[in-house]
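Have a look at the structure below before the remarks.
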Amino acid sequence: MFKKILIANRGEIACRVIKTARRMGIQTVAVYSDADARAPFVQMADEAVHIGPSPAAQSYLIADKIIAACKQTGAEAVHPGYGFLSERTSFAEELAKNGIAFIGPPVNAIAAMGDKIESKKLAKEAGVNVVPGFVGEIEDTEHAVRISAEIGYPVMMKASAGGGGKGMRLAYDEKDVREGFEAVKREGLNSFGDDRVFIEKFILNPRHIEIQILGDQHGNILYLNERECSIQRRHQKVVEEAPSPFVTPKMRKAMGEQCVALSRAVGYYSAGTVELIVSGADPSGESFYFLEMNTRLQVEHPVTECITGIDLVEQMIRVAAGEKLAFTQDDVKIEGWAIENRVYAEDPYRGFLPSTGRLVRYQPPVDGWTEDEAGNGRRGVDGVRVDDGVYEGGEVSMFYDPMIAKLITWGETRDEAADKQIAALDAFEIEGLGHNIDFVSAIMQHPRFRSGELTTGFIAEEYPDGFTGAATSDETLRHLAAIAGFVATARADRARQIDGQLDGELEPPYDWSVTIGGQTFAVELEADVLVDGEPIEIGISYTPGDRLIEAHVEGETYGVKLEPTRTGLKMTTRGAIHQVRILPARIAHLTQHMIEKVPPDLSKFLICPMPGLLVALHVGEGDKVEAGQPLAVVEAMKMENILRAEKSATVKKVNAKAGDSLAVDAVILELE
C-alpha cells in the first residue's frame, strides 16, 4: 500500500480524498494556488505545496508542477479528483514515466472513453445503443447547421472534451445553432483545451441514469447500481439520488451488464461511470442509450456510498496499489435511499446568475466530514452528510466551479431522505453571496419530485418563468404569522426592558397585525397564541438576536432563519423567503396612507448581472437593437452568459469593451 499520495485537485474533493487516506493510514500532500492558500484542504493535508497563481490554467492544469510537487514530497501516487487533469491521458502518461502511480484507470481507457467522439464510435462497434448523431470533425458553423438539419431538431451541441455542464448548447432551430456553435467551441477550448464539437439528437422527455463501475487490475469489474441525475440546469446536475425511482431490477441488471461489457472492452479498472439517457416516453424503460463514460470519480459518488456501504475512494486507492476487489457482484446491495443536493453559489431569484464573494456566514446543518459514533462518514450524522471545502470568512472565487458544498441525506425510504433534505436545508446558513438553498428545498417538496416523475426538463418545465420561492400553503402562512407574532412580542419585551419601561413578565395582551404572503393575520398573545381569534399550539425557544430558530406549530416543525427589517422580519424556511410586516394592531390601519416608492426604469441600461469578463460586445454607439437581440457575452464561473436587449432601442453610449472585468450591476450600455 502507498505511504504517501498527492491530491491533484482542490476544494471538497481534495478534502474527500484526504479523509479516506487518513483513515487508511496514508499521508497526504495538497497542492494549492494563490486563491486557495487558506482553504480547508490545505490545512487537512499532512503537507502542502504552492503551485502558482489563481487561474487553473496557471496552476492546477499544469502537469509539470504536479509532478514536481510529487518529487519534492516523495508522493508515490496521485489522485486527480474530478475535472482538471483527471481525464487527461498526457498527465497519466507523464506520471508513469516518472514512476508515480495514477489513482485512476489505465491510459488506454481514458483515451478511449474520455473523448466523447471516439467513445461513441467504440460503443457503436461494441453493439451498445448510441444516440443518433454526427460522430466526426465539424468544420465550421455552416457545417454544423447542415448536420443539425440532417439529424433533425432538436439537437445537442457538445464539446468533445466537455463535462460538468460546460460546453453544451441545446438547439431547437438553425438560429440556435448559429448562435451557440462558436460559444460551445470557446467554452471547450477555455475549460478543457479542446475546441472539437459533436452534435447528436436530443431525446425528448429524457431521464439521465448513470451506472457506477468499479474494477481491479485482475479482470474483475462490477457495477454498483445506478444513480438518477435527471434534475439538471443548463445540463449541469443539481440533484442526484440512488437508487433511481424509475429503474426496475430487470433494467438495473440489463444496464449494469451492458456497462460492464463496455468497460471490459477497453480494459477498464478503478472507479468510473457510464452515463445513459433513457426515454421517459418508453414505459418499459428498455430504450436506453450510451451517452459517455466518465473515467474518474463523479461528484455524486456519495449517494452510491450511502446505499452500498462501499468507500469508492478507498477502493480506487487499493486498486491503484494492485489489490483485488474484496467483494463480488452478489455482495453489492441496496440499503435505503440517498439524495444529494449541490449547494451552488448562484442566485435562483435572479435567474441563477453566478455569485462570487466572501462567505460572511457559513454554518452547515452538520460540520463537514463529520462521522457517526462508529467512525463511519458515509452517512454522516443521523443520515445527514456535508461534503465541503469552504469556511466561514473564506471567498468563493470566480476562478473555479461555483459549488459551495454537497448535502447528502440517507433514509430508509425515498420520502425520509427527502424530508431530511428539507430539514437540513432549513438549518443551512449561508450569507454574503447568492446561493440555491431555497431552490433545492423547493424541489424536494415538489409533488412531481415526490412522485418520481423526473426528466432532464424538470426545472425548465416546472419553473418556466424563473424561481420566486417554493409554494407556500395558507396553513403554513398562518403558522409563520404565529411565529412572527411570538418573535415580535419577545423583541418588544426586550426593548421595553432596555428602556426601563418594564420590570418582570410581559403584560398581556399583545396584539399584532402580521402581513405575510399577501395575507394579513391578527395575532394576539395572552395565555395562548391566537391567530384571527383561533388558538394555535406553538412551541418555540427564541432570544432576541437569534438568527435561526426551531419552532413546533400544530404538529409541524419549522427551521426558520430570521433577519430583522425596518417593518418586521425576513423569514426564510422551506424554500421560500417571506418579507413579513409586523405592526401593532392599533396603528396598522395607517399604512394605507403611506406613499409607495416607484422603482426606477432599468430597461434603458444593459447591466452586468454578475461579476465576470466581457467576452464579446456585439453592438456600438448608434446601433439600433431589437427585443431579444444578443448584445454582449459575459463569462463567469467558466460559463458564457448571453445578455439580450429587453426592448427595441438605440445604443446611446458604450461604457465597456471586450476584455474588461466587470462588477455586478456595472452598466455596459446605455439605450434610448
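So here's what we get for this one:
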item: Relative packing of 542-550, 519-527, which averages over residues the other C-beta atoms within 10 Å, highest first; result: 519-527, 542-550
item: For region 4-103, size of Cβ-based charge dipole, Lys and Arg +1, Asp and Glu -1, in debye; result: 260
item: Whole-Hz couplings from phi, Karplus 6.51/-1.76/1.60, listed for region 139-147; x for Gly and Pro; result: 6, 7, 4, 4, 5, 4, 5, 5, 4
item: Beta bridges per DSSP with both ends in the chain, % antiparallel, nearest 5; result: 90
item: Nearest-20 debye value, region 236-381 charge dipole, Cβ charges on Lys, Arg, Asp, Glu; result: 280
item: Volume of the Cα convex hull of region 175-284, divided per residue and given in Å³; result: 138
item: For region 551-617 and region 432-458, distance of Cα centres in Å; result: 21
item: For region 206-462: Kirkwood Rh in Å [reciprocal of mean 1/r, alpha carbons]; result: 18.8
item: Estimated dipole of the chain in Debye, rounded to 20 [Cβ of Lys and Arg +1, of Asp and Glu -1, Cα centre]; result: 1820
item: Once the Cα gyration tensor of region 369-419 is diagonalised, semi-axes √(5λ) in Å; result: 26, 14, 7
item: Interchain or long-range residues, amide H under 5 Å from PHE202's placed H; result: VAL155, MET156
item: For ALA405, distant residues with modelled amide H under 5 Å away; result: VAL343
item: The chain - convex hull of the alpha-carbon atoms, volume per residue in Å³; result: 178
item: At 1.002 mPa s and 20 °C, Stokes D of region 4-103 from Kirkwood alpha-carbon radius, µm² per second; result: 165
item: For region 132-201, convex hull volume per residue from C-alpha positions, Å³; result: 69
item: Burial order of peptide ranges 55-68, 617-630, 231-244 (average beta-carbon count within 10 Å, highest first); result: 231-244, 55-68, 617-630
item: Over region 542-650: Kirkwood hydrodynamic radius from C-alpha pairwise inverse distances, Å; result: 18.9
item: Region 25-71-region 112-137 distance, computed between alpha-carbon centres (Å); result: 35
item: Whole-Hz couplings from phi, Karplus 6.51/-1.76/1.60, listed for region 410-424; x for Gly and Pro; result: 10, x, 5, 10, 5, 4, 5, 5, 5, 4, 5, 4, 4, 5, 5
item: Region 474-593 pair-distance distribution - Cα-Cα, 10 Å bins, rounded %; result: 13, 49, 33, 5
item: 5 Å binning of all Cα-Cα separations within region 604-672, expressed as whole percents from 0 upward; result: 4, 20, 33, 25, 14, 3, 1
item: Cut-off under 5 Å, modelled amide H: who pairs with LEU671 long-range; result: PHE605, LEU606, LYS652
item: Mean residue ellipticity (222 nm) of the chain, computed from DSSP H runs ≥ 4 via -39,500 (n - 2.57), nearest 500; result: -8000 deg cm²/dmol
item: Extension gain, ALA658 back to GLU526 (0.36 nm per residue minus Cα-Cα distance, nm); result: 41.1 nm
item: Relative packing of peptides 73-82, 489-498, 177-186 - highest average C-beta neighbours within 10 Å first; result: 73-82, 177-186, 489-498
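The numbers here are math on the coordinates, done by the rules we state, and not lab data. Just so you know, these numbers come straight off a predicted model, no measurement behind them. Positions of Cβ are generated from backbone atoms using ideal geometry, with glycine treated the same way; all protein chains shown enter the neighbour counts.
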